[in-house]
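What follows is one structure encoded as structure tokens, with my remarks underneath.
The values are calculated or read from the model by the stated rules, or taken from the named source; none is laboratory data. Keep in mind it's a predicted model, so treat the numbers as computed, not measured. All Cβ positions, even for glycine, are placed from backbone atoms using ideal geometry, and neighbour counts span all protein chains on display. Keep in mind that these areas ignore ligands, DNA and RNA; they rest on the heavy atoms of the full protein, side chains included. Shrake-Rupley method; radii C 1.70, N 1.55, O 1.52, S 1.80 Å.
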Amino acid sequence: MPDLTSQKIPVTVLTGYLGAGKTTLLNRILSENHGKKYAVIVNEFGEIGIDNDLIIGADEEVFEMNNGCVCCTVRGDLVRILDGLMKRKGKFDAIIVETTGLADPAPVAQTFFVDEDVQKNARLDAVVTVADAKWLSDRLKDAPEAKNQIAFADVIVLNKTDLVSKAELAEVEARIRAINPYAKLHRTERCQVAIADVLERGAFDLDRILEIEPEFLDAGDDHHHGHDHHHDHSHGGLKHYHDEDMQSLSLRSAKPLDATKFMPWLQNLVASEGQKILRSKGILAFSDDDDRYVFQGVHMMLEGDHQRKWKDGEARESRVVFIGRELPEQMIRDGFESCITT
């Protein structure tokens, strides 16, 4: 498995429906004086309508902006574009790849697991989904892609919150949480979110899984007691929905795992059930190993590595999260249990 070292350029995949506010965010990245050098890969220049006064130079298909960032279009071949960006002088702080409104983010995310050249130089940092507070609930009903984009996200920018009532906002957030309880959620108007909250998140240094907001820990713990999840129960006023076709599953063990059992089990699981598993992530404590192991996956693809030493006094607890459709929950639980060192 490839390593997750910091020498690689972090890549953010930016997804969301047309009109949700993705363009606003891209324009801010390309125009604000944030002092960073970002490369933005968009689908169509026309769509984002960059102010021509901000473009100071262009060579081939790459436009240079006066804030030090560059922008180019993907033209079908992401690998070729990434390759070209890597060869440019001066290292980018991050690369942002926009996906089209209806796209499933999986194929773009998988590029960073599959292509060796890309893998050597870049790492997937986070999938960021911009969602429209006013229309998201409708989209989730009529468009499976909208659901994929929410399920896939590490960070969700819930935009246009000024256009809905408090009750509507609570409703849409509950819908989001039913699909993805783990993503970091920012409520915004006109995409006014700090750029640092969206880019260079280090979403896959996975500690963030452990920062799940407390009200959702209750939801996660229900799984352990086998409660029926099909009723809407309220946690301190937070509606709790059960989404019919997306589930998230979280596993934990305070006892160490046996690496010789866990790794083959995980690889076999994603090989056989990977179509159903949209995202997987975990922090693992192996027996006789002082280093934390972290992994993340997209469908059948996995990457992982030792990340750092366990700190003194830090609970050596393993946590694994799966998000997907029709997950074989009991099979996954039993398999995980069988990897615990006895």
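Observations on the structure shown:
- Residues in region 154-192 that are hydrophobic (A, V, I, L, M, F, W, C), touching a residue at least 24 places away in the same chain (Cβ under 8 Å) and open to solvent by 10 Å² or more (accessible area, probe 1.4 Å): L163, V164, L169, A170, A178, L185.
- Selected residue [at pLDDT 80 or above, part of a loop (DSSP other than H, G, I, E, B) and more than 12 Å from the chain's Cα centre (by Cα)] from E189, E168, E173: E189
- Looking only at region 37-63, and only at residues there that are more than 21 Å from T111 (Cα to Cα) and crowded, with 17+ Cβ neighbours inside 10 Å, the one that is modelled with the lowest pLDDT: I48
- Qualifying positions in region 1-32 - among the polar types (S, T, N, Q) and modelled with pLDDT under 85: T5, S6, Q7, T23, T24, N27, S31
- Residue in region 232-247 that is assigned to a strand (DSSP E or B), buried (at least 19 other Cβ atoms within 10 Å of the Cβ), at pLDDT 85 or above and not acidic (D, E) present: no
- Some residue of region 201-221 being under 22 Å from L25 (Cα atoms), assigned to a helix (DSSP H, G or I), modelled with pLDDT of 85 or more and not aromatic (F, W, Y): no
- Scope region 112-135; condition assigned to a helix (DSSP H, G or I) and without any contact (Cβ under 8 Å) to a residue 60 or more places away in the chain; matching residues: E116, D117, V118
- Any hit, region 109-122, residues being under 20 Å from T23 (Cβ atoms) and buried (at least 21 other Cβ atoms within 10 Å of the Cβ): no
- Residue in region 255-270 that is of a type in the set (S, T, N, Q), farther than 17 Å from Y182 by Cα, open to solvent by 10 Å² or more (accessible area, probe 1.4 Å) and touching a strand residue (DSSP E or B) at 6+ places or on another chain (Cβ under 8 Å) present: yes
- In region 274-314, residue nearest to A183 (Cα to Cα) [restricted to those that are open to solvent by 70 Å² or more (accessible area, probe 1.4 Å) and either more than 24 Å from the chain's Cα centre (by Cα) or touching a residue at least 40 places away in the same chain (Cβ under 8 Å) (or both)]: K276
- Cβ pairs under 8 Å, 6+ apart, first in region 323-342 and in a loop (DSSP other than H, G, I, E, B), second polar (S, T, N, Q): R325/Q247; E326/Q247; L327/Q247; T341/S287
- For Q330: the one exception among (1) surrounded by 15 or more Cβ atoms within 10 Å (Cβ to Cβ); (2) under 16 Å from S250 (Cα atoms): (1)
- For G90, the test of being modelled with pLDDT under 80, more than 28 Å from A143 (Cβ to Cβ) and either open to solvent by less than 50 Å² (accessible area, probe 1.4 Å) or in a loop (DSSP other than H, G, I, E, B) (or both) is passed.
- Pairs, first among the basic types (K, R) in region 137-149, second open to solvent by less than 70 Å² (accessible area, probe 1.4 Å), C-beta under 7 Å, six or more apart: R139/Y17; R139/A146; K147/L140; K147/I179; K147/M246
- Any hit, region 309-320, residues being part of a strand (DSSP E or B) and closer than 24 Å to V114 by Cβ: yes
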